[in-house]
1. So which of ALA201, ALA154 is in contact (Cβ under 8 Å) with a residue 40 or more places away in the chain, open to solvent by 10 Å² or more (accessible area, probe 1.4 Å) and either part of a loop (DSSP other than H, G, I, E, B) or among the hydrophobic types (A, V, I, L, M, F, W, C) (or both)?
2. Out of all the residues in region 30-59, which are crowded, with 19+ Cβ neighbours inside 10 Å, in a loop (DSSP other than H, G, I, E, B) and in contact (Cβ under 8 Å) with a residue 60 or more places away in the chain?
3. Which of (1) open to solvent by 30 Å² or more (accessible area, probe 1.4 Å); (2) among the basic types (Lys, Arg); (3) under 16 Å from the mean Cα position of the chain (by Cα) is the odd one out, the single condition ARG209 does not satisfy?
4. What are the residues in region 234-267 that are in contact with a strand residue (DSSP E or B) (Cβ under 9 Å, 6 or more places away or on another chain), open to solvent by less than 20 Å² (accessible area, probe 1.4 Å) and in a helix (DSSP H, G or I), if any?
5. Are there strands (runs of 3 or more DSSP E) fully within region 100-147 with at least 1 residues that are open to solvent by less than 10 Å² (accessible area, probe 1.4 Å)? List them.
6. Does at least one position in region 157-164 carry a residue that is surrounded by fewer than 21 Cβ atoms within 10 Å (Cβ to Cβ), under 22 Å from THR52 (Cβ atoms), more than 14 Å from the chain's Cα centre (by Cα) and in contact (Cβ under 8 Å) with a residue 60 or more places away in the chain?
Amino acid sequence: MASTPGVGAANEDTVHVSPTGVVVLDGLSAPKDLPMGCVHGTPWFVRQLGTTLINLIGDDEVSLREALRVAIAEVNDLHRDSCDLDQGAVPASTVVMIRERGDFLDYLVLSDNVLVLDLSTEGVRTIVDKRVEEVAADEVRAALQGPTGTPEHAARVSRLVTVQRRLRNKPGGYWVAATDPAAADEAITGSVELARVQQAALLTDGASRLVDCFGALTWAELLTLLRTEGPVALITRTREAELADPVGEQWPRFKRSDDATAAYVSALQEGAR
């Protein structure tokens with residue numbers, strides 16, 4: 001596994017691993033010109049949520065959806081006395097996690113992290129929740145207009161985040177882990193027979209860019225890169241592509257460089273790397 005920050009001083013991603021599970025979170029960035037109801041910030045939130053989740057999913061009797069519901073409530077309790085959790089401007093995170101349970105691999109995906117499963121003769125399956133891309137379409141198009149790194153571009157991204165906050169965790173909008181435990185009910189969940197899974201990758205959107213943004217790799221090629229060279233190599237190649245297009249002319253994007261986290265599992269019994 002590997003995790004590196006993009007633009008900005010703090011890495012808002014986190015990854016947690018246990019003998020039977022992997023949790024990867026991608027904290028939602030908050031532009032500095034917008035209010036935030038939490039004094040702790042997004043990196044603190046994702047660390048607390050990730051630690052709580054990896055402990056909860058160790059109990060096979062607890063579903064991944066229930067684990068997320070409980071984890072959100074427990075993290076709320078850690079800072080409800082110091083922070084204003086009733087407003088929309090609170091830390092939030094995408095979630096992807098897997099858990100070995102007997103002869104099955106359970107998974108949960110909430111928002112645009114990507115789970116890539118190699119199911120041998122059945123091919124490669126990707127699981128991702130794209131509802132965030134289906135809202136605020138006009139603001140998304142405006143925020144993708146370059147050049148990135150300019151004050152004008154930053155202002156368009158702030159307008160997008162302002163609109164997205166109004167649609168976050170509401171029917172007809174999109175769902176992330178924030179302060180409402182009910183968001184867990186909106187996650188994509190499932191199970192596959194463990195014997196069918198040859199390898200798996202859990203990626204934040206900063207680490208999936210070579211496929212779904214830049215088109216430089218297929219999902220199968222991404223898995224091969226992870227297997228042969230490891231997650232650090234994937235992120236290094238991603239940074240090289242970003243540097244080759246610093247203002248987003250070839251590949252329009254919200255950030256010149258995003259936090260990137262990748263966890264690769266060759267066989268869950270062997271652990272993640």
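1. The match here is ALA154.
2. The one that is crowded, with 19+ Cβ neighbours inside 10 Å, in a loop (DSSP other than H, G, I, E, B) and in contact (Cβ under 8 Å) with a residue 60 or more places away in the chain: ALA30.
3. Evaluating ARG209 over (1) open to solvent by 30 Å² or more (accessible area, probe 1.4 Å); (2) among the basic types (Lys, Arg); (3) under 16 Å from the mean Cα position of the chain (by Cα) leaves (1) as the failure.
4. Of everything in region 234-267, those that are in contact with a strand residue (DSSP E or B) (Cβ under 9 Å, 6 or more places away or on another chain), open to solvent by less than 20 Å² (accessible area, probe 1.4 Å) and in a helix (DSSP H, G or I) turn out to be LEU234, ILE235, THR238.
5. Filter on region 100-147 gives 104-110, 114-118.
6. No.
The values are calculated or read from the model by the stated rules, or taken from the named source; none is laboratory data. It should be emphasised that the depicted structure is a prediction, and the values quoted were computed from it without experimental measurement. Cβ atoms come from the backbone with ideal geometry, glycine included; neighbour counts cover every protein chain shown. Side chains are part of the model used for accessible areas, which takes the heavy atoms of the whole protein and leaves out ligands, DNA and RNA. Shrake-Rupley method; radii C 1.70, N 1.55, O 1.52, S 1.80 Å.
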